[in-house]
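Chemist: Provided herewith is a single structure, encoded as structure tokens, for subsequent inquiry.
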Amino acid sequence: MEFYSHTKEKNDIKKGTKFLKDHLSGVYRKVEKSVYPKAKLDIPSGELHNIISDLTVFHDLGKYTSFFQKYLLGEEVNRNLKNHSFIGSIYLINKYKDNPFLAALLYFLVINHHSNLKNILETGIFREDIEINNFIKSQLSDIQKNNKQISTEISDFDYDRFLFFPDGKIQKEVRRAMRLQIKKTPNVKDYFTINYLFSLLIEADKLDASDTKLYMRKSLPEKAVENYIGKAELNNLPEIEGINGFEQNKLRNWVRASVLENLKDDEILNKNLFTLTAPTGIGKTLTALDFALRLKKKIKEKENFEPQIIYGLPFINIIEQGLKVYYDVFNGKDISILGHYQYADIFGQDVAKESYNQKLMQTNTWQADIVITSFVQFFETLISNRNKMLLKFNHFAGAIVILDEVQTLRMEQLPLLGAILFYLTKHLNTRIILMTATKPKIFELANKEILDSENEKAVSFELLNDYKKIFAKFNRTKLVPLLDKPIITATDFYEVFFGKRKNNQSCLVVCNTVQRSIDIF
């Protein structure tokens with residue numbers, strides 16, 4: 001019998017387009033190429049390869065039932081009988097029953113691989129629903145009719161030893177393990193373990209289903225920025241009075257050289273949280289890219305891994321500026337730079353109709369050497385349960401992340417965002433560079449509000465030690481606070497404003513929403 005994973009409809013007739021055995025092996029190969037071996041997950045030492053193999057090969061095991069094959073070819077089938085997630089999740093629970101919590105996680109990943117991740121404590125492990133359980137038993141009975149063929153196709157000749165409905169003891173142990181570890185002793189490592197494995201699975205599944213190639217990242221020219229704007233030389237800090245264009249270029253050169261000087265210390269590879277604090281107009285975009293390219297080469301030499309560069313920005317206009325700068329630096333070289341943000345022209349002018357799905361999938365899964373994206377995309381992937389967003393979660397592992405203009409992040413979110421960035425470096429070994437001219441206390445707040453109570457501490461490494469001297473070179477605007485009490489309401493603001501402003505004085509009021517500016521005007 002021929003088993004298919006996917007079909008296409010032509011002239012109202014559905015025909016199989018991909019053999020199930022090819023899909024399962026395709027998903028496995030893609031995950032194997034994508035996995036980052038230095039991720040620190042809640043996985044037994046040395047077991048990651050075996051777990052990934054089982055997760056990918058058996059996630060669609062339920063497609064081997066005659067019920068699913070009939071449904072795939074257009075026949076009416078009971079929705080519970082055609083559900084293909086039950087069988088794979090049962091297989092994994094039985095195989096990993098000696099580690100009940102891991103069994104629960106794998107069950108959770110497979111049962112949800114076509115949906116969003118729900119609260120794991122609300123995901124029934126074989127709910128007390130006799131009708132559903134009977135459907136599962138019917139599927140088990142059906143799939144076992146083709147054991148010989150299935151075992152040949154998946155290259156596991158005694159896989160069926162785990163194909164049975166879990167008894168009460170196994171179910172009880174799995175539920176107990178979930179309650180103990182998730183509810184009673186929650187650990188942020190579990191969050192990263194779940195989301196990382198889920199992301200690897202669903203990305204590979206969707207890439208293979210849409211016949212989209214997995215992009216294999218390249219080594220990038222480490223001196224691309226140097227070749228674009230010249231070599232950075234660290235002489236004495238320029239003694240400059242009154243900055244003009246030529247003198248500012250000398251200062252930019254010195255700043256870039258000072259930042260790159262940090263790469264001479266091999267200990268730089270043991271650091272993950274960086275800040276780059278410098279005035280607006282000093283060339284932080286190119287300085288950070290130069291640093292990232294050279295750091296990427298050191299990582300490749302030490303870890304034999306090609307990290308992706310992810311550049312996050314808050315606003316569309318500066319995202320587009322950043323894209324232009326990056327394109328100009330690499331100047332047509334065979335390097336894939338992807339812009340992923342609202343309104344991005346991801347398809348270009350001449351995209352063939354048949355490649356539309358592949359183009360969209362490449363974008364949604366960040367198939368590129370360099371990704372330039374929005375804070376919305378970045379943080380809603382990092383803190384998420386949504387299937388579509390988690391497609392690219394695994395790309396954070398081992399990556400070099402540059403987050404620019406971080407002072408735009410909302411104050412009340414800083415403790416959470418600082419903490420999650422710290423944990424991202426801890427569990428997925430991500431290198432993160434925060435760039436700003438104002439250096440918000442993101443990690444100080446994270447430590448105070450969240451990390452101290454967890455006996456953790458986020459410590460960042462400043463890439464520009466002499467940033468205060470650089471600021472002193474500029475004739476900066478002086479901010480003079482005029483408040484003797486906090487402004488809470490619009491009325492508070494009006495009272496302060498009319499109390500301070502004199503007749504015939506011009507005044508600029510900066511608002512953060514359109515409606516507020518209209519109200520004040």
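The values are calculated or read from the model by the stated rules, or taken from the named source; none is laboratory data. Keep in mind it's a predicted model, so treat the numbers as computed, not measured. With ideal geometry, Cβ positions are generated from the backbone for all residues, glycine too; neighbour counts draw on all protein chains shown. Surface areas here come from the heavy atoms of the whole protein model, side chains and all, with no ligands, DNA or RNA. Shrake-Rupley method; radii C 1.70, N 1.55, O 1.52, S 1.80 Å.
Chemist: For the stretch 60-80: of the residues being among the aliphatic types (A, V, I, L, M) and crowded, with 20+ Cβ neighbours inside 10 Å, which is farthest from the chain's Cα centre (by Cα)?
Modeler: Per the stated criteria, the residue is LEU72.
Chemist: Read through the list (1) under 25 Å from THR430 (Cβ atoms); (2) without any contact (Cβ under 8 Å) to a residue 40 or more places away in the chain; (3) in a helix (DSSP H, G or I), then give the number of the only condition that LYS70 fails.
Modeler: Tallying (1) under 25 Å from THR430 (Cβ atoms); (2) without any contact (Cβ under 8 Å) to a residue 40 or more places away in the chain; (3) in a helix (DSSP H, G or I), LYS70 fails exactly one: (1).
Chemist: Considering the stretch 279-293 alone, what residues qualify as being in a helix (DSSP H, G or I), among the aliphatic types (A, V, I, L, M) and in contact with a helix residue (DSSP H, G or I) (Cβ under 9 Å, 6 or more places away or on another chain)?
Modeler: Correct list: LEU286, ALA288, LEU289, LEU293.
Chemist: Please work out if ILE309 is under 21 Å from TYR215 (Cα atoms), in contact with a strand residue (DSSP E or B) (Cβ under 6 Å, 6 or more places away or on another chain) and either of a type in the set (Gly, Ala, Ser) or modelled with pLDDT of 95 or more (or both).
Modeler: Yes, satisfied.
Chemist: Then there's this: Any chance you could count how many residues in the stretch 159-186 are touching a Ser or Thr at 6+ places or on another chain (Cβ under 9 Å) and open to solvent by 40 Å² or more (accessible area, probe 1.4 Å)?
Modeler: Number satisfying all stated conditions: 1.
Chemist: Still on this structure, I have one more. Search the stretch 139-155 for residues that are farther than 17 Å from VAL57 by Cα and pair each with any residue that is open to solvent by less than 20 Å² (accessible area, probe 1.4 Å) and of a type outside the set (A, V, I, L, M, F, W, C) when their beta-carbon atoms are under 8 Å apart and the residues are at least 6 apart or on different chains.
Modeler: These pairs meet every condition: GLN139/GLY62; GLN139/THR65; ASP142/THR65.
Chemist: Can you tell me which residue within the stretch 1-37, out of those that are in a loop (DSSP other than H, G, I, E, B) and within 19 Å of ILE143 (Cβ to Cβ), is least open to solvent (accessible area, probe 1.4 Å)?
Modeler: Selected residue: PHE3.
Chemist: Now for a separate question. For the stretch 427-472, give me each residue that is within 22 Å of the chain's Cα centre (by Cα), open to solvent by less than 20 Å² (accessible area, probe 1.4 Å) and under 30 Å from LEU197 (Cβ atoms).
Modeler: Within the stretch 427-472, HIS427, LEU428, THR430, ARG431, ILE432, ILE433, LEU434, ILE442, PHE443, ALA446, LEU451, ALA458 qualify.
Chemist: Also, I was wondering about something else. Examine the stretch 260-278 for a residue that is in a loop (DSSP other than H, G, I, E, B), of a type outside the set (Phe, Trp, Tyr) and within 16 Å of ASP466 (Cβ to Cβ), and state whether such a residue exists.
Modeler: Yes: the stretch 260-278 contains one or more residues that are in a loop (DSSP other than H, G, I, E, B), of a type outside the set (Phe, Trp, Tyr) and within 16 Å of ASP466 (Cβ to Cβ).
Chemist: Does any residue of the stretch 214-224 turn out to be assigned to a helix (DSSP H, G or I) and surrounded by 23 or more Cβ atoms within 10 Å (Cβ to Cβ)?
Modeler: no
Chemist: I want to confirm something. Restricting to the stretch 324-357 and keeping residues that are under 20 Å from the mean Cα position of the chain (by Cα) and surrounded by 10 or more Cβ atoms within 10 Å (Cβ to Cβ), which single residue is modelled with the lowest pLDDT?
Modeler: Among those residues, the one meeting the criterion is ILE346.
Chemist: Next question, about the same structure. Just checking, which of LYS218, LYS184, LYS213 is under 24 Å from LEU102 (Cα atoms) and of a type in the set (D, E, K, R)?
Modeler: LYS184
Chemist: From the list VAL510, VAL480, pick out the single residue that is touching a Ser or Thr at 6+ places or on another chain (Cβ under 9 Å) and open to solvent by 40 Å² or more (accessible area, probe 1.4 Å).
Modeler: So the residue among VAL510, VAL480 that is touching a Ser or Thr at 6+ places or on another chain (Cβ under 9 Å) and open to solvent by 40 Å² or more (accessible area, probe 1.4 Å) is VAL510.
Chemist: For the stretch 153-174, what are the residues that are over 30 Å from GLU2 (Cα atoms), part of a helix (DSSP H, G or I) and out of contact with any helix residue (DSSP H, G or I) (no Cβ under 8 Å at 6 or more places or on another chain)?
Modeler: Of everything in the stretch 153-174, those that are over 30 Å from GLU2 (Cα atoms), part of a helix (DSSP H, G or I) and out of contact with any helix residue (DSSP H, G or I) (no Cβ under 8 Å at 6 or more places or on another chain) turn out to be GLY168, LYS169, GLN171, LYS172.
Chemist: Run LYS485 past the list (1) farther than 23 Å from LEU313 by Cβ; (2) surrounded by 14 or more Cβ atoms within 10 Å (Cβ to Cβ) and report the number of the one that doesn't hold.
Modeler: (2)
Chemist: Taking the residues in the stretch 38-59 that are assigned to a loop (DSSP other than H, G, I, E, B) and touching a residue at least 60 places away in the same chain (Cβ under 8 Å) as candidates, determine which candidate is nearest to the chain's Cα centre (by Cα).
Modeler: Only one residue fits best here, namely ALA39.
Chemist: In the stretch 495-517, what residues are at pLDDT 85 or above, within 43 Å of the chain's Cα centre (by Cα) and among the hydroxyl-bearing types (Ser, Thr, Tyr)?
Modeler: Listed by number, the list holds a single entry, SER517.
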